[in-house]
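The values are calculated or read from the model by the stated rules, or taken from the named source; none is laboratory data. Note that the structure is predicted; figures quoted are calculated from it, not measured. No Cβ is skipped: glycine too gets one built from the backbone with ideal geometry, and neighbour counts run over all protein chains shown. The area values use the complete protein model at the heavy-atom level, side chains included, leaving out ligands, DNA and RNA. Shrake-Rupley method; radii C 1.70, N 1.55, O 1.52, S 1.80 Å.
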Amino acid sequence: MAYREPASLDPHTSSDIGILLVNVGSPAAPTGAALRPYLAQFLGDERIIEYPRWMWQPILHGIILNTRPRRSARLYERVWTEEGSPLLSVLHQQAAALEAWLGTRLPVPVKVEAGMRYGDPSIAHALRELDRANVRRILVFPLYPQYSATTTATSLDAVFDELKTWRRMPELRTINRYHTHPLYIKVLATAVQEQWTHTGRPERLLMSFHGIPQEYADKGDPYYHECHETAQLLVEELRLDADEWQVTFQSRFGPAEWLQPYTDVTLTEWGQAGLAHVDAICPGFSADCLETVDEVGREGRESFQEAGGGEFHYIPALNARPNHIEALGAVALEHLGGWVEPGPENMTADNIIESDHRQMIG
């Protein structure tokens, strides 16, 4: 059924600008009942699983959705908070903080809504909230620094699928990636340096990114290369030697080969080598979630230490920390050019970096 616009909408009214912040999603609760529809939507996405539908659907509905929800629910229980899903909680914090940050720098208000590719609040719901606020120009901002068809592209699919049902289309801009943006790199480096201030510099820094099947990269997905571009810039910012860091990939499932080296295998090898201190960061995640807090922070530590390794620290995702909101704001401002311009303070990326540097040394 086509979406019906609000009856009170005046098509001649000049409207505000909106930003749609998007992240992957989360189940409604850490239960098998809640995980089943969430996993059905996630694993039913043709961008995620590229097998022929006639082959994949019986496997998904006949085997996976009858076994995986209960197992996944137990994992989600470990990271669930009083506010619910950490990913969803952080996304709402990011949306509110970004709207406030932009409000101090732009001459017109910008409404920011949060939407999830899978689960609720959905991308469709967020777009309709922007429409109800009479937003006629929308910047879609997927919070995946590195582009992949499995994240950015499928999120944009959901945006366009919803807008197909609208009679009056808004103006639309999209952000594909921000993996080399200087503020994003600066904030990553600051997070690492803050950790080292408290726990000391490790022998090695692990940069763990979410994996994708190797076949997807072979077909042209640029994700692998963009992860390495981010890592190289972070290495330069931290001035690390070649033997002090490594990029790895996590969260693989199924029998197919995924991007390598694998995070769990690498940490086991480092433990067997007797490394005394390792830190891990997940630069591809804009918010903490099951894959960061539990898979790397807990399981990764266990893999490392049970194999003989020493001290291990997971460096939290950037979440809603103020300098991360500034970085996201700088990216947004660059893409809002022509729709609206910053105020006289001219908060460009260079100025924000200089301001951040003054605060660090002052």
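Run down Arg173, Arg168 and say which single residue is at pLDDT below 95, in contact with a Leu (Cβ under 9 Å, 6 or more places away or on another chain) and either under 30 Å from Glu46 (Cα atoms) or open to solvent by 20 Å² or more (accessible area, probe 1.4 Å) (or both).
On the way: Arg173 fails: at pLDDT below 95.
Going through Arg173, Arg168 in turn, just one is at pLDDT below 95, in contact with a Leu (Cβ under 9 Å, 6 or more places away or on another chain) and either under 30 Å from Glu46 (Cα atoms) or open to solvent by 20 Å² or more (accessible area, probe 1.4 Å) (or both): Arg168.
I'd like to check something: does the range 27-46 contain any residue that is among the basic types (Lys, Arg) and within 19 Å of the chain's Cα centre (by Cα)?
We begin by selecting, within the range 27-46, every residue among the basic types (Lys, Arg); these are 36.
Next cut, within 19 Å of the chain's Cα centre (by Cα) only: none.
Checked the range 27-46: no residue is among the basic types (Lys, Arg) and within 19 Å of the chain's Cα centre (by Cα).
Of all residues in the range 160-209, count the ones that are free of Cβ contacts under 8 Å to residues at least 40 places away in the same chain, in a loop (DSSP other than H, G, I, E, B) and of a type in the set (S, T, N, Q).
Looking only at that region, the number is 1.
Hey, could you check the range 135-157 for residues that are of a type outside the set (Asp, Glu) and over 16 Å from the mean Cα position of the chain (by Cα) and say which is surrounded by the most Cβ atoms within 10 Å (Cβ to Cβ)? Break it down into steps so the answer makes sense when it comes.
Within the range 135-157, the subset of a type outside the set (Asp, Glu) is 135-156.
Subset that is over 16 Å from the mean Cα position of the chain (by Cα): 135-139.
Values: Val135: 21, Arg136: 18, Arg137: 19, Ile138: 24, Leu139: 21.
Applying the filter and picking the extreme gives Ile138.
Go through the range 270-292 and count every residue that is in contact with a Pro (Cβ under 9 Å, 6 or more places away or on another chain), within 13 Å of Phe209 (Cα to Cα) and assigned to a helix (DSSP H, G or I).
Count: 1.
Yes/no per residue for (1) of a type in the set (A, V, I, L, M); (2) out of contact with any Pro (no Cβ under 8 Å at 6 or more places or on another chain); (3) under 24 Å from Glu226 (Cβ atoms):
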residue	(1), (2), (3)
Val90	yes, yes, yes
Ala95	yes, yes, no
Pro107	no, yes, no
Tyr118	no, yes, yes
Ala158	yes, yes, yes
Trp166	no, yes, no
Arg173	no, yes, yes
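Report, by residue number, each residue of the range 12-25 that is modelled with pLDDT of 95 or more and open to solvent by less than 30 Å² (accessible area, probe 1.4 Å).
Scanning the range 12-25 gives Ile17, Gly18, Ile19, Leu20, Leu21, Val22, Asn23, Gly25.
Quick check on my filter: what residues within the range 177-188 are surrounded by 15 or more Cβ atoms within 10 Å (Cβ to Cβ) and out of contact with any Ser or Thr (no Cβ under 6 Å at 6 or more places or on another chain)? First the steps, then the outcome.
Of the residues in the range 177-188, the ones surrounded by 15 or more Cβ atoms within 10 Å (Cβ to Cβ) are 177-179, 181-188.
Across the range 177-188, the qualifying residues are Arg177, Tyr178, His181, Pro182, Leu183, Tyr184, Ile185, Lys186, Val187, Leu188.
Would you mind stating whether Ala28 is open to solvent by less than 30 Å² (accessible area, probe 1.4 Å), of a type in the set (Gly, Ala, Ser) and in contact with a Gly (Cβ under 9 Å, 6 or more places away or on another chain)?
Spelling it out, it is not the case that Ala28 is open to solvent by less than 30 Å² (accessible area, probe 1.4 Å), of a type in the set (Gly, Ala, Ser) and in contact with a Gly (Cβ under 9 Å, 6 or more places away or on another chain).
Suppose we keep only residues that are part of a helix (DSSP H, G or I) and acidic (Asp, Glu) within the range 219-238. Which one would you say is least open to solvent (accessible area, probe 1.4 Å)? Step through it out loud before you land on a result.
Quick first cut of the range 219-238, residues part of a helix (DSSP H, G or I) only: 223-238.
Okay, now just the ones that are also acidic (Asp, Glu), so 226, 229, 236-237.
Working: Glu226: 14, Glu229: 86, Glu236: 110, Glu237: 78 Å².
That would be Glu226.
Can you confirm whether the range 278-297 contains a residue that is open to solvent by 30 Å² or more (accessible area, probe 1.4 Å), charged (D, E, K, R) and closer than 22 Å to Arg74 by Cα?
yes
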